[in-house]
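Structure, as structure tokens:
Just so it is clear, none of the values below were taken in a lab; they were calculated from the coordinates. From a predicted model like this one, the values you see are computed outputs, not experimental measurements. Here the Cβ is made from the backbone with ideal geometry for all residues, glycine too, and neighbour counts use every protein chain on show.
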Amino acid sequence: VHPAWLPPEAFRALGSRRTVVQGTGLLVETVRQEVADAAARYGGSLRQPTTGADEPTEPDDLVLALTTGATVPAGAAAVLAELAAQTGQLGADGFALARRAGVTVVLADAAPGLLYGLFEVVRRGEAAFGAGFPVERHRPAMRLRMLNHWDNVTVDPVMGQVERGYSGGSIFWRDGALTPELSRVRAYGRLLAASGVNAVTVNNVNVHAVEARLLTDRLGDVAAIADELRPYGIRVHLSITFAAPVTLGGLPTADPLDEHVRAWWAKTTRQVYDTIPDFGGFVVKADSEGQPGPFGYGRSHADGANVLAEAVAPFGGAVHWRAFVYNHRQDWRDRSTDRARAAYDHFAPLDGQFRDNVILQVKYGPIDFQVREPISPVIAAMPATRLAVELQVTQEYTGQQRHVCYLGPLWSEVLGFGPWGADGPSVADVAAGRTADVAGPPVGGGGLAAVSSVGDDPFWTGHPLAQANLYAFGRFAWNPRLDPLAILDEWIDLTFVPTATGDPDRLRRTLHAIMDDSWRTYERYTAPLGVGFMVRPGHHYGPDVDGYEYTPWGTYHFADRDGVGVDRTRATGTGFTGQYPAPWSQVYESLDQCPDELLLFFHHVPYGHVLHSGSTVIQHIYDTHFAGVEQVTESRRRWAEIVDLVDPAVAARVGERLDEQVRSATEWRDQLNTYFFRKSGVPDAHGRRIH
Ligand code: GCU
């Protein structure tokens, strides 16, 4: 299995030092083991702390210690004093890092922080042991940093084992049972901890019959996974079905207000915590795409979420309730129903009605993880509810891990966006729980969640370069303000540089050339100006402009001979723009002010409409599709220049995927350009070949 961003060589700087680790407990033992393994490989040493006057015979290079210990190793005392003089706690996951008088010091109030501090030292490599630097305090922005696996225990003949999975089978489940390869689960937990993730769900949000029983008689399997992930500070959560009281409990109803139903959830949840004391909680997809939910009993989603929240509350658990609720059986002839409106229409009126251990998990856009969408207006509409923002690491709509598509820049835009304007709180602030300056009582945020991209593939993510997305998710959940290209640097420096067989600068430069702009490149050859869903129905790979146009799914582009786009204005359209606060409600409503990249999301315009860029809509479609294919072709050429510097297996896999990307991008270009040429009759201004 590929080591991803933790090759042994990434531990060279740490492993060649003299280190002392002080503290006790499971995660401190993990830290000790990491240091011991690295020291054994690179000639350093792990000193056992002595009690009393803790003076080593030789000075330590690195001290990793809990601030709560009775004694702190000598080299760390000055840093500890300096830290004590500063205000604010480090928190469970935080740590302080400093280098003073030739000693690098990591201090944490609790063991998880020590583990994160260790991985920060790994990330910095030799720089952690170079020139001195003053105390830095590191704390995660998000308390919950969660990956949702859409893994099934059994294999679905159509979807495969992992819904929207592009990396082989599940790493948790095999042949209908718990995987025999638990060491792989442990290795996964280690990678996640090094990126900052601290929570995982182990089954699909669409909960089928077998998977429903993970909650009850198959709980032992979940406990076994939790045992592997616990040493890396990762808590396990479960996706559950709202119908469980009926399907598992044999009750006549799952009505959340029924006393027997409440009692069943309470009893079942108690058993879960008896088995897994640090169980994280439940993730629920209810009344969505055929899943059961409270609507079936005439109850609200607050009623539904609260009964579960009440059950996990005594144990400190949380309920992640997904806001992805819409009518997936709509009539395409009905122009008044707008899927984009659905989550807000369902949930905004419920603000303030959820228990405080309910986290409403909202997809970042109002539709469904498209390559370009505006921010979901729900994010700005529920100041008295804990919100988590949901991203999609698995590349369902962004190339399915056959195309290079580094999502860091997309997520950075999403998280940095100000729903109330550039001066107000950002999306990341809402998820982190810092919205005190917005009307309503301040509440704790729900954190960041994302659909995982990992499977039992030897490279973890199918496309080796897609590992960067998984790494970036954890880093953004830790610090949403990080520069996406700096995250890419970190990933390259951990994953590729330590094992490079030559010129690391050339390697770095070329990987940046291929990856930095790859999301925008993907947008260019697939989704013009905010139109989404021109994909093949079902599997969602490759172009099919009208594939969803006359379906019940609510994802239309309305292209005709005169123009294209969805009128979502208040003046003449579905009124969706009215779900945004100022300034966006006006900006999106206005044809003049609407940003080009979202124009067709909000407006239906003629092909000759002139964009802010100066181009017309139709010419923009042609230009971007030609440019996108050229960029992909260039990426493939650039990759060929560095194959000699990387592991041959990686070189081969990436090469093969790039060939497919060129083929697929060409198909996208030709279908899109031909489709819009046939509709509009407008020729390409540059006379290029359109079929
Ligand atoms: C998308 C995806 C589904 C998934 C759903 C969800 O629609 O195609 O496979 O179940 O999102 O997020 O629940």
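What the table shows:
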| item | result |
| --- | --- |
| DSSP-defined beta bridges in the chain - what % are antiparallel, rounded to 5 | 30 percent |
| Cα gyration tensor category, rounded, prolate or oblate, for region 196-238 with a/c compared to 1.5 | oblate |
| Contact order relative to length of region 8-138, as percent, for alpha carbon pairs under 8 angstrom and 6 or more apart | 27 percent |
| Cβ-based net charge around residue 626, under 10 Å, with every Lys or Arg adding one and every Asp or Glu removing one | +1 |
| For residue 567, distant residues with modelled amide H under 5 Å away | 604 |
| Dipole-positive endmost among 31, 65, 11 within region 8-138 (Cβ charges, Cα centre) | 11 |
| For region 143-155, 3J(HN,Hα) per residue [Karplus equation, 6.51 cos²θ - 1.76 cosθ + 1.60, θ = phi - 60°, Hz, x = Gly/Pro] | 6, 9, 10, 10, 10, 9, 8, 8, 8, 9, 5, 9, 9 |
| Sorted peptide list for 375-383, 630-638, criterion being average Cβ within 10 angstrom, highest first | 375-383, 630-638 |
| Debye intensity ratio in log₁₀ form over the Cα atoms of region 145-495, taken at each q of 0.13 Å⁻¹ | -1.01 |
| Degrees between helix 219-229 axis and first principal axis of the chain (Cα, 0 to 90, nearest 10) | 60 degrees |
| Estimated translational D of region 276-422 in µm²/s (Stokes, Kirkwood radius over Cα pairs; 20 °C; 1.002 mPa s) | 129 µm²/s |
| Residue-by-residue Karplus 3J(HN,Hα) for region 252-259, coefficients 6.51, -1.76, 1.60, Hz, glycine and proline x | x, 8, 10, 3, x, 9, 7, 4 |
| Peptides 400-410, 611-621 ordered by average Cβ neighbours within 10 Å, highest first | 400-410, 611-621 |
| The chain, relative contact order in percent, only Cα pairs under 8 angstrom and at least six apart counted | 11 percent |
| Distribution of pairwise C-alpha distances over region 406-525, 10 Å bins, in % | 12, 36, 31, 15, 5, 1 |
| Kirkwood hydrodynamic radius over Cα pairs of region 458-568, then Stokes diffusion coefficient at 10 °C and 1.306 mPa s, in µm²/s | 93 µm²/s |
| On Cα atoms only, tilt of 617-642 relative to the major axis of the chain in degrees | 30 degrees |
| Whole-Hz couplings from phi, Karplus 6.51/-1.76/1.60, listed for region 652-661; x for Gly and Pro | 5, 5, 5, x, 5, 5, 5, 4, 5, 5 |
| Ratio Rg/Rh [Cα only; Rh per Kirkwood] for region 8-138 | 0.92 |
| Environment charge of residue 503, counting only residues whose C-beta is closer than 13 Å and scoring Lys/Arg +1, Asp/Glu -1 | 0 |
| For peptides 366-372, 70-76, 288-294, sequence by mean Cβ density within 10 Å, most packed first | 366-372, 70-76, 288-294 |
| Electrostatic dipole magnitude of the chain [Cβ: Lys, Arg +1; Asp, Glu -1; Cα centre; debye, to 20] | 160 debye |
| Placed amide H near residue 235: partners under 5 Å, 5+ positions off or other chain | 199, 200 |
| 5 angstrom amide H check on residue 22, placed H, neighbours 5+ away | 64, 65, 66 |
| Proximal lysines relative to residue 285, as straight alpha-carbon distance under 20 Å, when same-chain residues fewer than 8 apart are discounted | 363 |
| Reciprocal of mean inverse Cα separation for region 323-395 (Kirkwood radius, Å) | 13.1 Å |
| Descending semi-axes in Å of the chain, equivalent ellipsoid built from Cα gyration tensor | 41, 32, 24 |
| For region 279-362: relative contact order, % (alpha-carbon pairs under 8 angstrom, 6 or more apart) | 37 percent |
